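Step one of this worksheet: look at the structure below.
None of the figures in this text is laboratory data; all of them are computed from the coordinates on show. All of these numbers come straight from a predicted model, not from anything done at the bench. Methodologically, a virtual Cβ is constructed for each residue, glycine included, from the backbone with ideal geometry; neighbour enumeration extends over all protein chains shown.
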Amino acid sequence: MSEREVVIDKMRLTYEGLFDVVELYKMIDRFFKEKGYDKRERHNSERVTAEGKFIELELEPWKKITDYAMNVIKLRIVMSDVTEVVVKKDNVKVKLNKGNVKMVFDAYLETDYENRWEGKPLFFFLRTILDKFIFKPYTAGFRKNAMDDCNHLYNKVKAFLNLYKLESPAQTAPRKPIAAPGP
């Protein structure tokens, strides 16, 4: 059986406000394609409630590094109270979504995913020795790559969502000038 080593455990991102669901999906999909991950969608559901849509998505893309090791990033997205709103941007009406987004990022290093070293007890013992002493610098590099990819995705999603924070109607409304205190 393959071994899964947790590299990043439950890194959370929450957001409430305006965003574009379709563009968020596209941005995440583009990221995984650029980094060479193969897409694996574990769960995808959408329910319509009185408050808006409830969308739940679980992605688990993976990237083979060698025949022995692969990186896996697990991304769980829960969007609640998602409604469609129209916002003016540069005097053009744009349809966006408004709601709550909760994301959980996990990163793993999976070794011996093809179960080649599990057949006999001698192979299992040799694998343990090789992992502990010979492959240790390689697996440390693989762990770092998984951590870097997960952190990069986290920062990219965070930046994407913060772009829409600037467009909220409350922030774009003209403000009254504050009178300067008199002498």
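Entry note, the stretch 3-168: relative contact order of 30 percent, from Cα contacts under 8 Å with a spacing of 6+ residues. Gain on full extension, evaluated as 0.36 nm per residue between Asp9 and Asn155 minus their Cα-Cα distance, stands at 51.0 nm.
Dipole of the stretch 3-168 computed with +1 at Lys/Arg Cβ and -1 at Asp/Glu Cβ about the Cα centre; of Gly141, Val48, Tyr164, farthest Cα towards the positive end is Tyr164.
Kirkwood radius and radius of gyration were both taken over the C-alpha atoms of the chain, and their ratio Rg/Rh is 1.16. Extending 7 Å from the Cα toward the beta-carbon at both Lys132 and Lys35 defines two label points whose distance is 3.2 nm. Charging the Cβ of each Asp and Glu at -1 and of each Lys and Arg at +1, and nothing else, the dipole of the stretch 3-168 about its Cα centre rounds to 280 debye.
Cross-link pairs exceeding 28 Å in C-alpha to C-alpha distance, out of Lys33/Lys102; Lys74/Lys120; Lys39/Lys89; Lys39/Lys132, comprise Lys74/Lys120; Lys39/Lys89; Lys39/Lys132.
Within the stretch 34-139, report the GluC sites (Glu not before Pro) that DSSP leaves as loop and that have at most 12 other Cβ atoms within 10 Å. Don't skip to the end; give the middle numbers.
On the way: sites: Glu34, Glu41, Glu46, Glu51, Glu56, Glu58, Glu84, Glu110, Glu114, Glu118; in loops: Glu51, Glu114, Glu118.
Filter output for the stretch 34-139: Glu51, Glu114.
The stretch 43-116 and the stretch 120-164 have their alpha-carbon centroids 21 Å apart. Within the same chain, lysines fewer than 8 places from Lys93 are excluded, and of the rest, those with a Cα less than 19 Å from its Cα are Lys165. Computed over neighbours whose Cβ is under 11 Å from that of Asn44, the net charge equals -3, Lys and Arg +1, Asp and Glu -1.
Among Met79, Met70, Met11, the residue with the largest mean-square fluctuation in a Gaussian network model of the chain, with springs joining Cα atoms closer than 10 Å, is Met11. Modelled spin labels at Ser2 and Glu58, positioned 7 Å past Cα toward Cβ, are 1.7 nm from each other.
Once the Cα-Cα distance is subtracted from the 0.36 nm per residue extended length, the Val48 to Asp67 segment shows a gain of 2.5 nm.
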